[in-house]
Structures are given as structure tokens and as C-alpha cells.
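Working notes for the structure below.
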Amino acid sequence: MNSKEKMTPDEKWDNATLANNFIFYKVMRNHPEACKHLIELLLKIRVNSMEIHGEEVIDIDHDAKGIRLDVFVKENNRMYDIEVQVVNTKELPERARYYQGLMDLDSLKSGQKYRELPDSHIIFLCLEDIFKNGLPVSTFENICLEDLKTKLNDRAYKHFFIRAEALQKPTAIPLKNNKQHNVAC
């Protein structure tokens, strides 16, 4: 039995971090400015007006695998899915592909042109270096394998952020009930 299993519910709560899906969802949903700042910080972009959909579920057919997006954000001509990934399931690249496809499927109405698809960003906040490349960030987009420079320009991006050791130190943030809670990624 490990030390987490021996903790009381209060002790588990006191030791919870943003890596806990419940806390991550609540912080992003109840503090849209924090969600906006996180997207801007990670992607180095300016976010204007946005709409947060917490734990968005996309089902396409009764026997097809649906998805549940941790934090789904729409902004003008861009959409973001932010996922906290505590465990390396060894299939995150395929999961990112599937999520991006289903998000796109749900983005166009009948009669719309494909160029009207919004830019799509799948963001995984990972606790482990899933690619074992030592990089704090790995961003992927479709590129021609023959010349390695011609981009497809489909505006579909997959970002994997690996928690840096510097982020392990908890930081106190005020929550709506005026209590402070220590959070760390």
C-alpha cells in the first residue's frame, strides 16, 4: 500500500495539484482568465474572446468511440482542447489524432467550406516526457516527408508540454471561496 492510499480524504485534497482532473477543470472553468492566460502562455498567442466548454463530450455514433475533452475552448476561428495527462498511456499521439478528427467533425455545418474550419490545437499537459526527447515542448503539424519543409497548412496542431522541474513548487492561488489552495502541475 502506498502513502496516497493511506491518506484521509482531507489529506488527499490538501495534497492535490492541478494534475488532478477535478481541480484542473474547476480552476479553468471558474477562472476563465486563468484559462485564457494558460493558452496565451503556452502557445505564445493572443486570445481575444473565448467560450469555455468544460468536459465536452463528442459522440458520433452509438457504436463508435466517443471522447470527453477535459477543457474545450472556442475562440473566433480557433479551438483548443486542454488535457492533463498524469500517466503515459503509450497512445497519446493516436489519442491526439482522434480527438482532433472528432473536434473537426463537429465544427462545420452543412454547406460550409473546408477553409472555414477553425484552427485546431490539442494541448496535452504531461507529467512524463512521453517522447523521451528531453524537450519541454513538442509541437506537431502536418509536413511533407519528402522535403521536410512544405507544410500542409491545415491549421491542425498538437502540443505536448512536459512538466519542468521548476513547476513542481506549489503556488498559492485564491479561489472563489476566498480560501487559498496550493496548486502545482
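The values are calculated or read from the model by the stated rules, or taken from the named source; none is laboratory data. Bear in mind that the values here come from a model prediction, so they are computed numbers and not experimental data. Glycine gets a Cβ as well: all are built from the backbone with ideal geometry, and neighbour counts include every protein chain shown. The protein model used for the area step is the full one, side chains on, heavy atoms only, and it has no ligands, DNA or RNA in it. Shrake-Rupley method; radii C 1.70, N 1.55, O 1.52, S 1.80 Å.
Determine one quarter of the surface area of the Cα convex hull of segment 3-69, which equals its mean projected area, and express it in nm² to one decimal. Walk me through the numbers before you get to the answer.
Numbers: hull surface 29.2 nm².
One quarter of the hull surface, i.e. the mean projection, equals 7.3 nm².
Once you have the alpha carbon radius of gyration of segment 98-156, what is it after dividing by 2.2 N^0.38 Å, with N set to its residue count? Provide the component values of the computation, followed by the final result.
Working: Rg = 14.6 Å, N = 59, 2.2 N^0.38 = 10.4 Å.
For segment 98-156, the normalised Cα radius of gyration is 1.41.
Arrange the peptides 85-97, 13-25 so that the one whose residues have, on average, the most other Cβ atoms within 10 Å appears first.
Ranking, from highest mean packing down: 13-25, 85-97.
Which value, in Å², gives the accessible area per residue of segment 34-145 when a 1.4 Å probe is used on the protein heavy atoms? Please list the in-between numbers first.
Values: 6570 Å² over 112 residues.
On a per-residue basis, 59 Å².
Expressed as a fraction of 2.2 N^0.38 Å, the rule-of-thumb size for a compact globular protein of N residues, what is the C-alpha radius of gyration of segment 4-148? Each step should come with its number before you reach the end.
Values: Rg = 17.0 Å, N = 145, 2.2 N^0.38 = 14.6 Å.
Ratio of Rg to 2.2 N^0.38 Å for segment 4-148: 1.17.
Apply the Karplus parameterisation 6.51 cos²θ - 1.76 cosθ + 1.60, with θ equal to phi minus 60°, to every residue of segment 45-52 and state each ³J(HN,Hα) to the nearest whole Hz, in sequence, with x for glycine and proline.
10, 9, 9, 8, 8, 9, 10, 9
For Lys109 and Glu40, calculate 0.36 nm times their separation in residues minus their Cα-Cα distance, and state this gained length in nm to one decimal. Each step should come with its number before you reach the end.
Details: separation 69, 0.36 × 69 = 24.84 nm, distance 2.82 nm.
So the chain would gain 22.0 nm between Lys109 and Glu40.
Could you compute the FRET efficiency for Glu146 and Asp119, with r as their C-beta to C-beta distance and R0 at 30 Å, rounded to 0.05? Before the final figure, lay out the partial values.
Values: r = 25 Å, r/R0 = 0.83.
Given R0 = 30 Å and the Cβ-Cβ separation, E is 0.75.
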